[in-house]
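To start, the structure itself, in structure tokens.
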Amino acid sequence: YDLSRAPELASLALVEEALQISVLALVAAHPTLQNEPAAQEPSSLRRARRLITAGGTLLIALSRYRAAVYHALCPPPPPPLDDLNF
């Protein structure tokens with residue numbers, strides 16, 4: 001039902017899953033990502049940290065977009081008339 005009204009949600013769900021799988025793969029390839037950054041880390045480890053950070057930022061943006069879509073599809077009801085201040 002949601003996809004018939006907002007088909008872009010399907011591709012966004014795929015992007016979210018791909019990002020989560022990518023993070024798991026990066027952690028598997030670089031177990032030390034779970035540690036605090038060291039001064040002389042290899043370039044690939046520094047780049048992996050940046051990639052995870054960028055992925056987190058993208059996940060937040062995707063979540064906010066999805067919330068906006070749902071808000072547009074189902075806006076909150078207006079306040080009841082008896083709550084108006086006169």
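Just so you know, all these numbers are worked out from the coordinates, no wet-lab data involved. These figures come from a predicted structure and were not determined experimentally. Reconstructed Cβ throughout: ideal geometry from the backbone, glycine too, with neighbour counts over all protein chains shown.
Peptides 30-36, 61-67, ordered by how many other C-beta atoms sit within 10 Å of their residues on average, highest first, read 61-67, 30-36. Between the labelled values (1) 153; (2) 135; (3) 80, the entry that holds volume of the Cα convex hull per residue in Å³ as derived from this structure is (1). Modelled spin labels at Arg50 and Cys74, positioned 7 Å past Cα toward Cβ, are 4.1 nm from each other. Against the main long axis of the alpha-carbon atoms of the chain, helix 43-73 sits at an angle near 10°.
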